[in-house]
Amino acid sequence: MLIALSINLFGDWLRDALNPRLRRPSKAGAFTEETLMLSISKSWRRAAAVVGVTLLASCASTDYHFSQLYGQRYNRAPIDTYDVIIIRVDGKDTLAQPVLVDPGVRKVVVQGPPGGASRLGEQREIALDVRPCTRYYLVAVKPNKLALDFDIRVDYEEPLGGCTPPASS
């Protein structure tokens, strides 16, 4: 709401600032090119300041309380772990990276790595108990590179900085 209001006010202000009928004439009674360029330059500086203040205000007024899911390995040393693609969370398809989820038990569908002669990995669903303000790295664990079967596990979890957990009710 705040962003929409500030964009609307900014548009009105910019329209009025660039309207030659609303500008004060120079001493000679006519606008010079130098006066026009100076007023436009000041207008853009003011516009940039308004946009910057609006963005800072919108960032400061929102609480970030989500957890994040990544489909990449955190620990690179284990050779039996592979990246996964997070396809769906609680029945909603997603392509975002990281996937933002609310705390609680979530049904996560992932696509594992290809194995054997297949070009695409199989899809698996897991139930993941997501804690507030935590980043999870999910991986597929296979006995060897050619195996089709795999298990999903959390490779690593870490707390998110700058995150405020939701108030418990």
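Read-outs throughout are calculated quantities, based only on the coordinates presented, and are distinct from any laboratory measurement. On a predicted model such as this, the values are computed, not experimentally measured, just so you know. Cβ atoms come from the backbone with ideal geometry, glycine included; neighbour counts cover every protein chain shown.
Between the range 136-169 and the range 82-101, what is the separation of their alpha carbon centroids in Å?
So the separation of the two Cα centres works out to 12 Å.
Starting at the first residue of the range 113-130, write each ³J(HN,Hα) from the Karplus equation 6.51 cos²θ - 1.76 cosθ + 1.60 with θ = phi - 60°, in whole Hz, x for Gly and Pro.
The phi angles translate into x, x, x, x, 9, 7, 8, 10, x, 6, 9, 9, 10, 10, 9, 10, 7, 8 Hz.
Run the quick spin-label model on residue 149 and residue 92: label points 7 Å from Cα toward the beta carbon, then report their separation in nm to one decimal.
Reported label-point gap for residue 149 and residue 92 is 3.5 nm.
About its Cα centre, how strong a charge dipole does the range 67-159 have in debye, to the nearest 20, once Lys and Arg get +1 and Asp and Glu get -1 at the Cβ?
With only Lys, Arg, Asp and Glu charged at Cβ, the dipole is about 160 debye.
Looking at the range 99-169, which trypsin sites (Lys or Arg not before Pro) are DSSP coil and have at most 16 other C-beta atoms within 10 Å of their C-beta?
119, 145
Decide, for the range 71-169, between rounded, prolate and oblate: order the square roots of the alpha carbon gyration tensor eigenvalues as a ≥ b ≥ c, take rounded if a/c falls under 1.5, and otherwise choose prolate if a/b is larger than b/c, else oblate.
prolate
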